[in-house]
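Sharing a structure below in structure tokens format, with a few things to ask.
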Amino acid sequence: QVQLVESGGGLAQPGGSLRLSCATSGNIFSINAMGWYRQAPGKQRELVAAIVSPGGTNYADSVKGRFTISRDNAKNTVYLQMNSLKPEDTAVYYCNVVLRRYFGDPPKDYWGKGTLVTVSS
């Protein structure tokens, strides 16, 4: 059993900040990668940021310099610090984790249910 629980979404004004958290629990042998995706109404889900041990990161061009992804391996938690928010950041944000449940288990993708971020004045 693997569960991902996101938190931290909500309403923010343009220029404001939010911090998303995603806690992974259950049977976890190792985590290969963690990341955040988002999907706005009528649009495809897109990668926002991802992090791979020991700390390599990737960001969408639209969020570079504004968002920061980080992880706490001891807590199996990934964070997304979102600063200088813009209305176009409005979307449902999904946590994604690639992990092995046990030794020999092929790495698989697991997804959270999503948390809504709304940026509006």
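The values are calculated or read from the model by the stated rules, or taken from the named source; none is laboratory data. Note that the coordinates shown come from a computational prediction; the quantities given were computed from them, not determined experimentally. Ideal geometry is used to build each Cβ from the backbone, glycine not excepted, and the neighbour counts take in all protein chains shown. Remember, those area values only see protein heavy atoms, side chains included, never the ligands or the DNA or RNA. Shrake-Rupley method; radii C 1.70, N 1.55, O 1.52, S 1.80 Å.
Which condition breaks for residue 52 when tested against (1) open to solvent by 40 Å² or more (accessible area, probe 1.4 Å); (2) in contact with a Leu (Cβ under 8 Å, 6 or more places away or on another chain)?
(2)
Looking for whichever is among the polar types (S, T, N, Q), out of contact with any Pro (no Cβ under 9 Å at 6 or more places or on another chain) and either within 17 Å of residue 65 (Cβ to Cβ) or without any contact (Cβ under 8 Å) to a residue 60 or more places away in the chain (or both) here; the options are 7, 21. Which one fits? If you could, list the steps in order and put the result at the bottom.
Numbers: 7 fails: either within 17 Å of residue 65 (Cβ to Cβ) or without any contact (Cβ under 8 Å) to a residue 60 or more places away in the chain (or both).
Selected residue: 21, the only one of 7, 21 that is among the polar types (S, T, N, Q), out of contact with any Pro (no Cβ under 9 Å at 6 or more places or on another chain) and either within 17 Å of residue 65 (Cβ to Cβ) or without any contact (Cβ under 8 Å) to a residue 60 or more places away in the chain (or both).
Here's the yes/no breakdown for (1) in contact (Cβ under 8 Å) with a residue 24 or more places away in the chain; (2) open to solvent by less than 60 Å² (accessible area, probe 1.4 Å):
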position: 13; (1), (2): yes, no
position: 17; (1), (2): yes, no
position: 28; (1), (2): yes, yes
position: 38; (1), (2): yes, yes
position: 47; (1), (2): no, no
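OK, next. Pull up the range 30-77, narrow it to residues that are part of a strand (DSSP E or B) and among the β-branched types (Val, Ile, Thr), then point me to the one that is modelled with the lowest pLDDT. So that I can check it myself, show each step before the final result.
Filtering the range 30-77 down to residues part of a strand (DSSP E or B) leaves 30-39, 46-52, 56-59, 67-72, 77.
With among the β-branched types (Val, Ile, Thr) added as a condition, the list becomes 31, 48, 51-52, 57, 68-69, 77.
Working: 31: 93, 48: 98, 51: 95, 52: 90, 57: 96, 68: 98, 69: 97, 77: 96.
Across the range 30-77, the extreme among qualifying residues is 52.
Given (1) under 18 Å from residue 20 (Cα atoms); (2) assigned to a loop (DSSP other than H, G, I, E, B), identify the lone condition not met by residue 103.
Only one criterion in (1) under 18 Å from residue 20 (Cα atoms); (2) assigned to a loop (DSSP other than H, G, I, E, B) is unmet by residue 103, namely (1).
Residue pairs, Cβ under 6 Å, 6 or more apart or interchain, first in the range 99-113 and open to solvent by less than 80 Å² (accessible area, probe 1.4 Å) and of a type in the set (A, V, I, L, M), second at pLDDT below 95 and not in a loop (DSSP other than H, G, I, E, B). List them.
99/31
Please go through (1) open to solvent by 30 Å² or more (accessible area, probe 1.4 Å); (2) in contact (Cβ under 8 Å) with a residue 60 or more places away in the chain; (3) farther than 12 Å from residue 78 by Cα for residue 59 and return the number of the only condition it doesn't satisfy.
Exception for residue 59: condition (2).
Test each condition in (1) over 29 Å from residue 14 (Cα atoms); (2) open to solvent by less than 80 Å² (accessible area, probe 1.4 Å) for residue 74 and report the one that comes out false.
(2)
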